[in-house]
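The structure appears below as structure tokens.
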Amino acid sequence: MGLLLNPWRLRVIGDADLVAGVAAVMVPPCTASDAGPAADWTIRVEYDDHDQMPGDVDALLADRPALVSPHGGPRLAVAGAGGGLLRLLGVYRPRSAAALLEVDRVRRLTRVAVPSTGPGLRWPDWLARLFFSSRMLDGGWRMLHASAVTVNGVAVLFVAGSRGGKSTLAHRACDELGARFMADDLVMVTGDGVVAGWPTRVGVPAELAAPAGGEEQQRVVAGMVRRRTLFTPGEHRAVVDWAPPARLGAVVHVVADPELTQDQPMRATRLKPAEAEAVLAGAAGVAGQRLYSTDLLGVVGGPQPGGSSWPAPGWGAVLAGVPAARLMVPHLRELPHAPVWESLAELLEVTA
């Protein structure tokens, strides 16, 4: 199977169900293609059926430097090198079974042997995401902390702080406007305003009707109980219509404004260009995620970050002609049922 996200081509081969799992996560934003020998890189995916893993993985990882992703993400440690190969051990989540990765830069090939169960099954799609994201970041794409949907063929970004209502509005747009889902928490944007939703775990607030499946989660956040249904990217794509990359059509910035009263439960105002640029600049503050999306060890042959290849933000060019609004609500707990589309209709025709 080939994956294409212009101009990059990735070939994924190996055990059929693992290959299908990668496609389920990466299409879209990628399109399926026949990459063949023209692929920039190949990932071979297989199960660890031959006891390739060393016995005491924890001890081995403890004795050598490891690259640890933020927020309990994947952990990689070099297990050996020689004969043109780099061998790594990977633990996808703390205390989960390890995977074995082998990188052959001459053949432009990464082989990954994964455990038969558990979070380690996600290594193949993690490698595919890393292949594309490392090249996109090096090629001038920008990464934003935002949710996104497409309405009438264009992308609408919902920007807010952590737990600020982005996912709520994205899922409401799908249910109430017939929108197509793009991203729950992370998007990639070109300098001329093309948006690609990026695969991450999806959380549907308990106040909204979640699709079948997923895992129930309950956490206390800032003194309040937060309930969500969590989906892996593959699980969510199986039950919700996802959209391919699209041109940016609107930006909605969500904020809580305790000064609003019951007589004025919600307010929306158009953002000036400088204000909209500041909103996107703030949403670009995802240094940990950008590190997670950069191929520092060359696991999939990605370019090494040099800093100078990342252009200045230039959000004015991205936002040229794009309407932007600030949606203010008295309290975020009201967002799942508030008349948001009525408030935004005059400002953002794309949501009408």
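Read-outs: derived from the displayed coordinates by stated rules, not from any lab. Because the structure is a prediction, the values reported are computed rather than measured. Cβ sites come from the backbone with ideal geometry, for glycine too, and all protein chains shown count toward neighbours.
Tabulated data for the structure shown
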read-out	value
Cα-derived Rg to Rh of the chain, Kirkwood definition	0.99
GNM top mover of Pro244, Pro339, Pro199 - the chain, alpha-carbon springs below 10 Å	Pro339
Under-5 Å amide H pairs with Ala79, H placed in peptide plane, nonlocal only	Arg87, Leu88, Leu89
Three-way shape call for region 142-351 based on the alpha-carbon gyration tensor, with the a/c threshold at 1.5	oblate
Among Gly298, Gly288, Gly203: highest mean-square fluctuation, GNM of the chain, C-alpha pairs under 10 Å	Gly288
GNM top mover of Ala32, Ala66, Ala325 - the chain, alpha-carbon springs below 10 Å	Ala66
Computed label-point distance, nm, for sites Glu349 and Asn6 using a 7 Å Cα→Cβ extension	2.7 nm
Rounded FRET efficiency, nearest 0.05, which uses the C-beta distance separating Ala62 from Val239 and R0 of 45 Å	0.65
